Amino acid sequence: MNKNYDKNNIFAKILRSEVPFHKVLENDYALAFSDINPQSPIHILIIPKKAYLNFHYFIENGSTKEIEFFWKLVNDVIKLYKISMNGFRIISNSGDDGNQDVPHFHVHLLGGKNLGKMIN
Ligand code: AMP
């Protein structure tokens, strides 16, 4: 369970408001903020407020409410940016093979242009 969760990862610091960030939206269970190094015109990160290492730990250990409200927030960001018609991409990197840099579960929501077949 969340074996290697590092309480000092940058997203944990964002959740504790120890470092600056640009908040987009939040609810009781999740926070959405701008990626500091955007890969597309719209590049938002959505994270659960509780500590989960990656997607797998979140789904295994998160409550139904947390999981529901997490994905609701992703959809609220889609609505905020009005990208449901033009489209978007959701990515969640996990572990070494997924090249996950920040060890707190997050999804990238990318949009605002045609993203090609895949992000390199
Ligand atoms: P990943 O490789 O999926 O773990 O991606 C981590 C993402 O976090 C990258 O896209 C970074 O640009 C982004 N990032 C790192 N530090 C910050 C920060 N302080 N504020 C916003 N985004 C960040």
Counted residues, the stretch 5-54 - those being surrounded by 12 or more Cβ atoms within 10 Å (Cβ to Cβ) and at positive phi: 0
Breaking point among (1) open to solvent by 20 Å² or more (accessible area, probe 1.4 Å); (2) of a type in the set (A, V, I, L, M); (3) in contact (Cβ under 8 Å) with a residue 12 or more places away in the chain, for Leu73: (1)
Identify the residue in the stretch 105-118 that is more than 16 Å from Ile36 (Cα to Cα) and of a type outside the set (Gly, Ala, Ser) and, among all such residues, is most open to solvent (accessible area, probe 1.4 Å). Lys117
Failed condition for Asn2, given (1) open to solvent by less than 70 Å² (accessible area, probe 1.4 Å); (2) at pLDDT 95 or above: (2)
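The values are calculated or read from the model by the stated rules, or taken from the named source; none is laboratory data. Because the structure is predicted, anything quoted here is derived from the model rather than measured. Reconstructed Cβ throughout: ideal geometry from the backbone, glycine too, with neighbour counts over all protein chains shown. Quick note on the areas: whole protein, heavy atoms, side chains included, nothing else; ligands and nucleic acids left out. Shrake-Rupley method; radii C 1.70, N 1.55, O 1.52, S 1.80 Å.
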